[in-house]
Amino acid sequence: MEEQFERTSLLYGKENIDKLKNKHVAIFGVGGVGGYVVESLIRSGIGHISIFDNDVVSITNINRQIIALYSTIGQYKVDVLKKRILDINPNCVVRAYKMFVDENNINDIDFSQFDYVVDAIDTVKSKIAIIKKCHDENIKILSSMGAGNKNNPMGFIISDINQTEYDPLAKAIRQKLRKINIKHLKVCYSKETPLKIINNDNNNNKKIVPGSNAFVPSSCGLLIAKTVFFDLMEE
């Protein structure tokens, strides 16, 4: 399996790639953003990974999620992704959890096993629960902000939550964190003003679903993966 990471080793050195084999990363939410985080980290040599998501693949995921195919519709995302991970690197230790993580079950998860946590979900309460847990246990975390209704894949940057602007999700998270005295959080966000969705007259859902495309969530996910990769190598 050494040959698998040979090209990466040429850039960063075999000792760094060997280091990543012992690192354990947890990704919460493996959809449009999280799926690409996992894909890139596995191809980069991360040896232990835990994935959390209780959703199943739907036909509306096909436009942007790397695990979404007609052949995977109806399957649990973590099951599809685990199979893909092991097909990329059979030596990777994969733990897949079909669960929606929130403040009610966050303490059921042993966060001490993680070297890094990626929050790639879009529910504010759940994000806050994960962020607070990592803060309390001093575990590195990178949180994805809004990727919906965005058009520019080059607009994403890594920043502190206090530096974010033009991002409704980041604003909500920032306000919640202030209330629990968490002053800093590494995030991936875009300054791009969200686009207004087009009313197609057939959207009668009670919940307003954000628009999406193939190139924005993937770009956000790849930037997050790159950041995690270098953060872990520098430890």
For this session: May I ask you to verify whether V78 is under 23 Å from G148 (Cα atoms), without any contact (Cβ under 8 Å) to a residue 24 or more places away in the chain and either in contact with a strand residue (DSSP E or B) (Cβ under 8 Å, 6 or more places away or on another chain) or open to solvent by less than 40 Å² (accessible area, probe 1.4 Å) (or both)?
Result: no
Exercise. Taking interchain pairs and intrachain pairs at least six residues apart, which have beta carbon atoms under 7 angstrom, with the first residue in region 218-235 and farther than 18 Å from K21 by Cβ and the second open to solvent by 20 Å² or more (accessible area, probe 1.4 Å) and of a type in the set (F, W, Y)?
Worked result: S218/Y36; G221/Y36; L222/Y36
Exercise. How many residues are under 22 Å from I141 (Cβ atoms), of a type in the set (A, V, I, L, M) and outside any strand (DSSP E or B) if we restrict to region 67-118?
Worked result: 7
Seminar exercise, completed: (1) open to solvent by 40 Å² or more (accessible area, probe 1.4 Å); (2) at negative phi all hold for M145 apart from (1)
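Considering each of I42, I66, I85, I46 in turn, give the residue that is more than 19 Å from T123 (Cβ to Cβ) and open to solvent by 10 Å² or more (accessible area, probe 1.4 Å).
On the way: I42 fails: open to solvent by 10 Å² or more (accessible area, probe 1.4 Å); I85 fails: open to solvent by 10 Å² or more (accessible area, probe 1.4 Å); I46 fails: open to solvent by 10 Å² or more (accessible area, probe 1.4 Å).
Going through I42, I66, I85, I46 in turn, just one is more than 19 Å from T123 (Cβ to Cβ) and open to solvent by 10 Å² or more (accessible area, probe 1.4 Å): I66.
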For this session: Considering only residues that are open to solvent by 30 Å² or more (accessible area, probe 1.4 Å) and outside any loop (DSSP other than H, G, I, E, B), look in region 18-39 and name the one that is modelled with the highest pLDDT.
Result: Y36
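Per-residue answers, yes or no, for (1) open to solvent by 40 Å² or more (accessible area, probe 1.4 Å); (2) out of contact with any strand residue (DSSP E or B) (no Cβ under 6 Å at 6 or more places or on another chain); (3) hydrophobic (A, V, I, L, M, F, W, C); (4) in contact (Cβ under 8 Å) with a residue 24 or more places away in the chain:
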{"residue": "V94", "(1), (2), (3), (4)": "no, no, yes, yes"}
{"residue": "S112", "(1), (2), (3), (4)": "yes, yes, no, yes"}
{"residue": "Y116", "(1), (2), (3), (4)": "no, no, no, yes"}
{"residue": "A120", "(1), (2), (3), (4)": "no, no, yes, yes"}
{"residue": "T123", "(1), (2), (3), (4)": "yes, yes, no, no"}
{"residue": "S126", "(1), (2), (3), (4)": "no, yes, no, yes"}
{"residue": "I141", "(1), (2), (3), (4)": "no, no, yes, yes"}
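The rows are residues; the columns are (1) out of contact with any Asp or Glu (no Cβ under 8 Å at 6 or more places or on another chain); (2) of a type in the set (D, E).
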| residue | (1), (2) |
| --- | --- |
| D18 | yes, yes |
| V33 | yes, no |
| G45 | yes, no |
| I66 | no, no |
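The values are calculated or read from the model by the stated rules, or taken from the named source; none is laboratory data. Source: prediction; values computed, not measured. Cβ coordinates were reconstructed from backbone atoms using ideal geometry, including for glycine residues, and neighbour counts include every protein chain displayed. Remember, those area values only see protein heavy atoms, side chains included, never the ligands or the DNA or RNA. Shrake-Rupley method; radii C 1.70, N 1.55, O 1.52, S 1.80 Å.
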